[in-house]
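Values quoted throughout were computed directly from the atomic coordinates according to the rules given, and no laboratory measurement underlies them. Predicted model, so just to flag it, every value in this text is computed and none were measured. No Cβ is skipped: glycine too gets one built from the backbone with ideal geometry, and neighbour counts run over all protein chains shown.
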């Protein structure tokens, strides 16, 4: 097994960032999405749409750093934060409207982000093991 990430890792990371950017646009659009979809009712009681838009924008920005920068720590943290962000959205949608499809979708994104973070951490540890100097005979 090599220590190099394949293009699919970058595609998955970009999809997670794109979904978070889409949520930012939805929350910041001012169309009062919280009143039009029952799944967001609980989110509306915690914070207004603009605040949720700022939260998703920050998560998307950190997630984007994980794609742009080659530092492994940034890649792992950004994938983990993307996973956490999607998990928070999934939890609120589940508590607001458990019979909708939003819970499953965002839970799927959260699991995908967690798998991405784990895979990146695993590849990083394997790469570190392969370049450690061995003891001379």
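At 0.36 nm per residue, minus the direct Cα-Cα distance, what do residue 70 and residue 84 gain on full extension? Give it in nm, one decimal, please. Please report the intermediate quantities before stating the final value.
Numbers: separation 14, 0.36 × 14 = 5.04 nm, distance 2.14 nm.
Net length gain for the segment: 2.9 nm.
Please build a GNM for the chain, connecting alpha carbons under 10 Å apart, and tell me which residue among 37, 109, 123 fluctuates the most.
37
Match the structure shown to one of the listed values (1) 1.06; (2) 1.20; (3) 1.25 of Cα Rg over 2.2 N^0.38 Å, computed from it, and give that label.
Looking at Cα Rg over 2.2 N^0.38 Å for this model, the match is (3).
What does a probe at residue 38 reach in region 83-103, counting residues whose amide N is under 12 Å from the point 7 Å along Cα→Cβ?
96-101
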